[in-house]
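Before any comments, here is the structure.
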Amino acid sequence: QVQLVESGGGLVQPGGSLRLSCAASRTIFSIHIMDWYRQVPGKQRELVATISSAGSTNYIDSVKGRFTISRDNAKSTVYLQMNSLKPEDTAVYYCRQGAPGPTYWGQGTQVTVSS
């Protein structure tokens, strides 16, 4: 069974930065699309950023220029560098392993942006 473990969440003031990590195991990490999602209570989970196996990236408009997704295949880890954080970025952040094959999710890490 694939395991994804997120870390790096926490409480940060508006304008601050955090870097989330998602370590994968029991998978051939390098061949998979990896995503970061986020969810706030009462709302659907939202796709934030995607990185392909080749390193191509995509972002939702609200985080473009502030967030950067990256991957280290040697460490089987995907990252989300979040800068210029805003209160509306507050959510539980999840990593997801996508195609090829079944989808797997991590357990999530809370990010709270507040003064």
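The values are calculated or read from the model by the stated rules, or taken from the named source; none is laboratory data. Values in this document were obtained by computation on a predicted structure and should not be read as measured data. Here Cβ is always computed from backbone atoms with ideal geometry, including for glycine, and neighbour counts include all displayed protein chains. Side chains included, ligands, DNA and RNA excluded: accessible areas come from the protein's heavy atoms. Shrake-Rupley method; radii C 1.70, N 1.55, O 1.52, S 1.80 Å.
Flag: Arg19 does not match the condition of being at pLDDT below 95 and of a type in the set (Lys, Arg). Screening the range 15-52 for residues that are among the basic types (Lys, Arg) and not in a strand (DSSP E or B) and picking the one that is least open to solvent (accessible area, probe 1.4 Å) gives Arg45.
Yes/no matrix, rows are residues, columns are (1) under 20 Å from Ile28 (Cα atoms); (2) more than 11 Å from the chain's Cα centre (by Cα); (3) without any contact (Cβ under 8 Å) to a residue 40 or more places away in the chain:
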residue	(1), (2), (3)
Ile69	yes, no, yes
Asn73	yes, yes, no
Leu85	no, yes, no
Glu88	no, yes, yes
Ala91	no, yes, no
Arg96	yes, no, no
Ala99	yes, yes, no
Gly108	no, no, no
Thr112	no, yes, no
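Checked against (1) more than 21 Å from Gln1 (Cβ to Cβ); (2) open to solvent by less than 60 Å² (accessible area, probe 1.4 Å); (3) among the hydrophobic types (A, V, I, L, M, F, W, C); (4) outside any loop (DSSP other than H, G, I, E, B), Cys95 passes all but a single condition, namely (1). Among the numbered conditions (1) closer than 15 Å to Tyr94 by Cβ; (2) of a type outside the set (Val, Ile, Thr); (3) exposed (fewer than 13 other Cβ atoms within 10 Å of the Cβ); (4) modelled with pLDDT of 95 or more, the only one that Gly9 does not meet is (3). Residues that are part of a loop (DSSP other than H, G, I, E, B), of a type in the set (Ser, Thr, Tyr) and open to solvent by 40 Å² or more (accessible area, probe 1.4 Å): does the range 56-64 have at least one? Yes, the range 56-64 has at least one match.
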